[in-house]
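The values are calculated or read from the model by the stated rules, or taken from the named source; none is laboratory data. Predicted model, so just to flag it, every value in this text is computed and none were measured. A quick note on method: Cβ atoms are made from the backbone with ideal geometry, for glycine too, and the neighbour counts reach across all protein chains shown.
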Amino acid sequence: MSRHRSTPVLILILAIRLGAQAPSTPSAEVRQFLKVEAPLVALVHARVVDGTGAPAQEDQTLILRGDRIEAMGDSARLVPPKEAQVLDLAGHTVLPGLVGMHNHLFYTHSIHLDEKGAVPAPGRMFAEIAYSAPRLYLACGVTTIRTTGSLEPYTDFNIKRQIDAGLLPGPKMDVTGPYLEGFEPMTPQMHALGGPEEARRFVDYWADAGVTSFKAYMNITRADLSAAIQAAHARGLKVTGHLGSVTWPEALALGIDDFEHGPVFTDTEFTPDKKPDVGPPVAASWGSWLKVDMAGPEVRKLIHDLVAKRVAVTSTLPVFELGVPGRPPLQARMLTALSSESKASYLAARGRVAVAPNGRAEQLLRKEMAFELAFVRAGGLLLAGPDPTGMGGVLPGFGDHRELELLVEAGFTPVEAIRIYTANGAAFLGRLDRIGTLAPGKQADLVVVKGDPSRSIQDIENVVLVFKDGLGYDSARLIESVRGHVGIR
């Protein structure tokens, strides 16, 4: 790949930039999902959770003018302008739009096994769901996503451009480049890097194309990861990692910016007989963490080093919950959204989850929760996203809600969990001045939920209205539009 921009890439970059400003009139495709399209809107008598970690404030009014929050305050004192469309939100809570930091546009689909129960050649193949995923994210209040690894980057770019141009409904998208992976990738849809020089060219090419971050994967070598990090940092871009061949301490020394999933499921430093640049079997890696004391010196040192180097960790608890028998709770909304084939595949896979001796899967999930709580208490920056992969039981949007619920199960208060999912993500993306919290002057990206998620986090599932850039989307209509599509479209 050349370091110079090819003509097609230049055209794509121009298209992305031209699409960055939404038209004043949304397309017919978008308008069918709009419930509020007024230039001036007053949300009155609402409970507000502002994303800063502060306690909820009762009986508040928010004034939205265009795509911005113009004013906020007590409903008794802040009088809506006469020309405003007024929405009485008594019994509802307003919170910032969620910032999903591990949110794919593909789905693991239905994995067909051979007669021996193995995935046949050429390996796992994942389906891009560029129609249903953006709608579900937006419907569930996720107004910004980082794709955190792309299998079809040009699809992701085009969907982003069309959303930004007001042609399609969906969240604001930070497109992560194709996976930085070594040999042998878990799917033939991933490129395998052939050395440090190729890693540098790969990063340069996709940075020119417009990606905003990179993700290193399970089989990358230290030399390739080092070259990729240096090339990305030279462009002012960040690198995260779902690692295995490279341990967390090794990646920290190379200057990585973020780790996906948490150490219990991806840090192989305690795996017996770990070979350099080789990812050990998952069972051996995970099993090594069963012997680690989460309050012991090894974990304390890891947390200290992460905090000292200001390296973030992205929590993705829902995808690992799938390995625990009987979890997560089956939901009609999720099963209704799935295609018939994907639904059958997921339910069959869920039925095969075995009860491991001594509750191994449950222990690992609890250990990861304990790490994330200790990391935040020590001053670490925890991000969050659902990682809608695994056996297909984590869906876009619905999985984001489940992640919030699991953070509370891990020991965070509901208000802390909301801050992790809003302000923390915005801060990592460098956009806390625009999104992530509710304040006058910020973008009008916010979620209206029936109930009080600051007391009962499960109320986060009761989304009724989602504002993105001041336009109010009907959550129920968006969800209905993808019925039977998730997994194939």
Mind telling me which of the residues Arg477, Arg455 ends up being under 23 Å from Val30 (Cβ atoms) and surrounded by fewer than 22 Cβ atoms within 10 Å (Cβ to Cβ)? Arg477
State all residues of region 154-205 that are within 22 Å of Lys238 (Cβ to Cβ), touching a strand residue (DSSP E or B) at 6+ places or on another chain (Cβ under 8 Å) and surrounded by fewer than 18 Cβ atoms within 10 Å (Cβ to Cβ); if no residue qualifies, say none. His191
Determine whether Thr314 is of a type in the set (Val, Ile, Thr), at pLDDT 95 or above and under 18 Å from Phe375 (Cβ atoms). yes
Any chance Phe214 is in the same structural domain as His112 (by TED's automatic domain parsing), of a type in the set (Phe, Trp, Tyr) and in a loop (DSSP other than H, G, I, E, B): no
Being surrounded by 23 or more Cβ atoms within 10 Å (Cβ to Cβ) and either out of contact with any Asp or Glu (no Cβ under 7 Å at 6 or more places or on another chain) or free of Cβ contacts under 8 Å to residues at least 24 places away in the same chain (or both) is the filter here; which residues of region 461-470 pass it? Val463, Val466
I need every pair where a residue in region 281-293 that is under 15 Å from Thr247 (Cβ atoms) has its Cβ under 9 Å from the Cβ of a residue that is among the basic types (Lys, Arg) and assigned to a helix (DSSP H, G or I), sequence separation at least 6 or different chains. Trp286/Arg360; Trp289/Lys367; Val292/Lys367
Which of the strands (runs of 3 or more DSSP E) contained wholly in region 51-96 include at least 3 residues that are closer than 14 Å to Val41 by Cβ and under 31 Å from the mean Cα position of the chain (by Cα)? 57-65, 68-74
Got a sec? Which helices (runs of 4 or more DSSP H) wholly within region 225-318 have at least 2 residues that are in contact with a strand residue (DSSP E or B) (Cβ under 9 Å, 6 or more places away or on another chain) and buried (at least 20 other Cβ atoms within 10 Å of the Cβ)? 248-254, 263-266
Regarding Leu395, is this residue in contact (Cβ under 8 Å) with a residue 40 or more places away in the chain and within 12 Å of the chain's Cα centre (by Cα)? yes
May I ask you to list the residues in region 124-145 that are surrounded by fewer than 21 Cβ atoms within 10 Å (Cβ to Cβ), among the small types (Gly, Ala, Ser) and in a loop (DSSP other than H, G, I, E, B)? Ala130
Which condition breaks for Glu83 when tested against (1) surrounded by fewer than 24 Cβ atoms within 10 Å (Cβ to Cβ); (2) within 26 Å of Glu198 (Cβ to Cβ); (3) modelled with pLDDT of 95 or more? (2)
State yes or no: is Thr212 among the hydroxyl-bearing types (Ser, Thr, Tyr), within 21 Å of Leu243 (Cβ to Cβ) and within 17 Å of the chain's Cα centre (by Cα)? yes
Of (1) touching a residue at least 40 places away in the same chain (Cβ under 8 Å); (2) within 28 Å of Val94 (Cα to Cα); (3) in contact with a Lys or Arg (Cβ under 7 Å, 6 or more places away or on another chain), Gly149 fails just (2)
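Residue-wise test of (1) buried (at least 22 other Cβ atoms within 10 Å of the Cβ); (2) of a type outside the set (A, V, I, L, M, F, W, C); (3) at positive phi; (4) not in a loop (DSSP other than H, G, I, E, B).
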{"residue": "Leu395", "(1), (2), (3), (4)": "yes, no, no, no"}
{"residue": "Leu407", "(1), (2), (3), (4)": "yes, no, no, yes"}
{"residue": "Gly411", "(1), (2), (3), (4)": "no, yes, yes, no"}
{"residue": "Ala417", "(1), (2), (3), (4)": "yes, no, no, yes"}
{"residue": "Tyr421", "(1), (2), (3), (4)": "yes, yes, no, yes"}
{"residue": "Gly430", "(1), (2), (3), (4)": "no, yes, yes, no"}
{"residue": "Ile435", "(1), (2), (3), (4)": "yes, no, no, no"}
{"residue": "Ala439", "(1), (2), (3), (4)": "no, no, no, no"}
{"residue": "Val449", "(1), (2), (3), (4)": "yes, no, no, yes"}
Residue check, Gly451 under 24 Å from Ala46 (Cβ atoms), in contact with a Ser or Thr (Cβ under 7 Å, 6 or more places away or on another chain) and not assigned by TED's automatic domain parsing to the domain that holds Phe126: yes
Quick test of your reading of the structure: Arg3 fulfils all but one of (1) charged (D, E, K, R); (2) modelled with pLDDT under 95; (3) surrounded by 19 or more Cβ atoms within 10 Å (Cβ to Cβ). Name the failing condition by number. (3)
Looking at Thr187, Thr148 in this structure, which one is touching an Asp or Glu at 6+ places or on another chain (Cβ under 8 Å), of a type outside the set (D, E, K, R), in a loop (DSSP other than H, G, I, E, B) and within 26 Å of Ala337 (Cα to Cα)? Thr148
Test: residue in region 355-368 that is crowded, with 22+ Cβ neighbours inside 10 Å and either in contact with an Asp or Glu (Cβ under 7 Å, 6 or more places away or on another chain) or of a type in the set (S, T, N, Q) (or both): yes
